[in-house]
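**Student:** Attaching a single structure in structure tokens format; questions to follow.
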Amino acid sequence: MSDNHDDHKPVTPVLWARLLLLLPFVALLWVSSYNRIEPTLAGFPFFYWYQLLWIAIGALTIGLVYKMER
Amino acid sequence: MKLDWVALSVFIALFIFITGLGFFAARWRRGDLDQLHEWGLGGRRFGTLIIWFLIGGDLYTAYTFIAVPAVLYGAGALGFFAVPYTVMIYPLLYIVFPRLWSVAHKHGYVTSADFVRGRFGNRWLALAVAATGILATMPYIALQLVGMQVVIGAMGVETSGFMGDLPLIIAFVILAAFTYSSGLRAPAMIAVVKDTLIYLTVFAIIIAVPMHLGGIGAIFNAVPKAKLLLATPPDGSWGALSAYGSLALGSACALFLYPHSITGILSSSSGRVVRRNAAMLPAYSMLLGLLALVGFMAIAVGVSAMPELADGFKRYGNNFSVPALILAMFPSWFVGIAFAAIAIGALVPAAIMSIATANTYTRNIYREFINPGCTDAQESKMAKLVSLVIKGGALVFIFFVPLQYALWLQLLGGVWIIQTMPSVILGLYTRFFHGWALFIGWLTGFSVGSYLAWANNFAPVYPVHVFGTTFPCYIAILTLLLNIAVSVVLSVVFNALGDRGKDATVPSDYY
């Protein structure tokens, strides 16, 4: 987490990794795929836990791309 | 409502604490506050953690924390679009905005209009971007006051008449004073306290309420079926489904174009700080997602049937659902903490928004059109003064203009600000566009968007009919497509005619 001095070096984009960043758009814009109650998880209807799950997947994907491009 | 002295005392104590912090912030990582980038961008020195608090405090505002659960409470699942929205912003942040940071760092740009001015060599296009930013932010600042008003009223303080306006006036005078003296350093420092309190509050709610009701399932079971999911679309229409998706996508595209978002990004110490934060900021989205469900918890706890809360709902409508749940579930001292978190949560973005619009006015209108020969010190002085004027304007707005107009204007703000996307975001990648083509594209999107919103009675979603199918679509997305089409076609024409305008940047500025 510390900010290093090589912070100013340009990053080299890793294209295939960046394609992963499209996943949340595909998943979340396909609204009919998750507009339902079942299966529930720990009391949460699918509609809610599925979208909350994508917050975590989105963050992990970005973290992964960041690691790849360091 | 009875005045809650305990809650009010805790609330005031926390407020005094952050006021002190706001003034102290001027000394923090001391810089020459007579330079605009020191006052208005904190010297571009904030590292990963401070930026996390700063942008988190900036984007997830008190208004969001009040209004999103209120929509779930009132209208149900549609309000949850805030979650896909705040997921989609981060891939955009990761890919696009480090480029803006690097070119801004290289050329000393403080606003997005600065970049557009340099990139396309067209001061009128830059003026359009700057004016759109200011116009879109003003109602947003005013809405922050709504969040404050609700929690102050919820503690039993009278909020009508002049005496009722007094607490808000005091809060804004404090805000104006420390913003004036400390610039962006103040909200950066206060954001740390605010977010700590917000996290504390949300965790307390999501632990205590399910325990009280007997589990998460009990909460959802108490919600009427019709509110739990998006309505199934009628034949020949995408109904709520395309409305939901387009609202999420349009809001995501618009968010980082607002001046206050750009200010947060440009105050980072490097593009990598921005990238790291794209992976870390989703923690706030989780917070927002859980907080949104507080709207359902309020239904499950039955706040609407509690006589002592009826007055609040009468005065503030569904916006009272979060404060109502907190009042119904927690002891007074915790109510004070939670309400202070929300109120301070209004001050942080309001401060950043006023700084960002002041930067924009000063750089792109004052220095460009009114006093081109101004010194750095004059420039910084002007920004400080303008930040006061803007906050004064927001106060006047909220006292004298019906709340409904602020809500309409904020909706229009999203439609307006997204029209700067071709100039700012596409401009980071290509010089294909011609400055005047972008200007006419902007003008088209801006006017058609405003007209559609007006013709649609200020409902954000407009039903588009294509080949016998109806797609309810967020007006911002529709008009952005129109804007891009116009910009592309006219760029081809104008580029063929010759003079493309001077580009002050070179490819190696973007990384």
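Rule-based calculations on the coordinates, nothing more; no lab input. Being a predicted model, the structure only gives us computed values, none of them experimental. Here Cβ is always computed from backbone atoms with ideal geometry, including for glycine, and neighbour counts include all displayed protein chains.
**Student:** Does a label point 7 Å from the Cα of B:SER450, set along Cα-to-beta-carbon, have any residues of region B:354-368 with amide nitrogen under 16 Å, and which are they?
**Tutor:** none
**Student:** Oh, and also: Tell me, B:THR470, B:THR375, B:THR179, B:THR48 in order of fewest to most beta-carbon neighbours within 10 Å?
**Tutor:** B:THR375, B:THR470, B:THR48, B:THR179
**Student:** In the structure shown, do any of B:LYS194/B:LYS391; B:LYS314/B:LYS391; B:LYS2/B:LYS314 have a Cα-Cα gap over 24 Å, and if so which?
**Tutor:** B:LYS314/B:LYS391
**Student:** Another one. Taking each residue in B:71-80, count the Cβ atoms of any other chain within 10 Å of its Cβ, then average. What number comes out?
**Tutor:** Per residue, the average neighbour count from other chains is 1.
**Student:** Bin all alpha-carbon pair distances of the protein assembly as shown at 20 Å intervals from 0 and give each bin's fraction as a whole percent.
**Tutor:** Per 20 Å bin, starting at 0, the Cα pair percentages come out as 21, 57, 21, 1.
**Student:** Let me ask something additional. Show log10 I(q)/I(0) for region B:5-405 at q = 0.08, 0.13, 0.14 Å⁻¹, two decimals, from a solvent-free Debye sum over equal Cα scatterers.
**Tutor:** Results for region B:5-405 at q = 0.08, 0.13, 0.14 Å⁻¹ read -0.42, -1.09, -1.24.
**Student:** Please give, to one decimal in nm, the separation of the simple spin-label points placed at B:ALA310 and B:TRP28, each 7 Å out from Cα toward the Cβ.
**Tutor:** 4.6
**Student:** Here's something else I'd like to know. Sort A:GLU38, A:GLU69 so that the residue with the fewest other Cβ atoms within 10 Å of its own Cβ comes first and the one with the most comes last.
**Tutor:** Ordered from fewest to most neighbouring Cβ atoms within 10 Å, A:GLU38, A:GLU69 come out as A:GLU38, A:GLU69.
**Student:** Suppose a student asked you for the relative contact order of region A:20-69, using Cα pairs under 8 Å spaced at least 6 residues apart; what percent would you report?
**Tutor:** Answer for region A:20-69 is 35 percent.
**Student:** With +1 on each Lys and Arg Cβ and -1 on each Asp and Glu Cβ, and nothing else charged, work out how big the dipole of chain B is about its Cα centre, in Debye to the nearest 20.
**Tutor:** Charge dipole, chain B, about its Cα centre: 900 debye, nearest 20.
**Student:** Residue-wise, which Karplus ³J(HN,Hα) couplings in Hz belong to region A:30-35, taking 6.51 cos²θ - 1.76 cosθ + 1.60, θ = phi - 60°, and x for glycine or proline?
**Tutor:** 7, 5, 5, 6, 10, 7
**Student:** Using the Cα atoms of region A:20-69 to build a convex hull, what is its mean projected area in square nanometres?
**Tutor:** 3.6
**Student:** Hey, another quick one. Please sort by residue number the chymotrypsin sites (Phe, Trp or Tyr not before Pro) in region B:8-42 whose DSSP state is loop and whose Cβ has at most 16 other Cβ atoms within 10 Å.
**Tutor:** Sites meeting the loop and neighbour criteria: B:TRP28.
**Student:** For chain B, list the DSSP H helices whose alpha carbon atoms reach 27 Å or more along the long axis and whose average Kyte-Doolittle value is -1.0 or above?
**Tutor:** Those that pass (Cα extent of 27 Å or more, hydropathy at least -1.0) are B:5-24, B:82-107, B:123-154, B:161-182, B:185-213, B:332-361, B:376-400, B:435-455, B:475-497.
**Student:** Tell me, what is the percent relative contact order of chain B, built from C-alpha pairs under 8 Å that lie six or more residues apart?
**Tutor:** So the answer I get is 32 percent.
**Student:** Provide the FRET efficiency to the nearest 0.05 for the B:HIS465-A:VAL26 pair, computing r from the beta carbons and using R0 = 41 Å.
**Tutor:** It comes out at approximately 0.95.
**Student:** If we count other beta carbons within 10 Å of each Cβ, what is the order of B:ARG363, B:ARG45, fewest first?
**Tutor:** B:ARG45, B:ARG363
**Student:** If you don't mind, there's one more thing I want to ask. Once amide H atoms are built 1.01 Å from N in the peptide plane, which residues 5 or more positions from B:SER237, or in another chain, come under 5 Å H to H?
**Tutor:** Close amide H contacts, sequence-distant or interchain: B:THR470.
**Student:** Sticking with this one: Can you give the Kirkwood hydrodynamic radius for region B:1-138, in Å, rounded to one decimal and based on Cα pairs?
**Tutor:** Evaluated over region B:1-138, this radius sits at 18.9 Å.
**Student:** Could I have the simple spin-label model distance between A:ILE57 and B:PHE432, label points 7 Å from Cα toward Cβ, reported in nm to one decimal?
**Tutor:** 3.1
**Student:** Stretch B:SER160-B:HIS212 to full length: gain in nm at 0.36 nm per residue minus the Cα-Cα span?
**Tutor:** My answer for the length gained is 15.3 nm.
**Student:** Please list, ordered by chain and number, the residues whose modelled amide H lies under 5 Å from the amide H of B:VAL464; skip anything fewer than 5 residues away on the same chain.
**Tutor:** When sequence neighbours closer than 5 places are left aside, the close amide H contacts are B:PHE471, B:CYS473.
**Student:** While we're looking at this one, here's another question. Let me know the mean shielding of B:247-257 by other chains, meaning the per-residue number of their Cβ atoms within 10 Å of its Cβ.
**Tutor:** Partner-chain Cβ atoms within 10 Å, mean over residues of B:247-257: 1.
**Student:** So, one more: Report the one residue of B:ASN277, B:LEU481, B:LEU14 whose Cα lies farthest in the direction of the positive end of the charge dipole of the protein assembly as shown (charges on C-beta: Lys and Arg +1, Asp and Glu -1; origin at the Cα centre).
**Tutor:** About the Cα centre, the residue reaching furthest to the positive side is B:ASN277.
**Student:** Go through region A:64-70 residue by residue and turn each phi into a ³J(HN,Hα) via Karplus (6.51, -1.76, 1.60, θ = phi - 60°); whole Hz please, and just put x for glycine and proline.
**Tutor:** The phi angles translate into 5, 4, 4, 4, 4, 9, 5 Hz.
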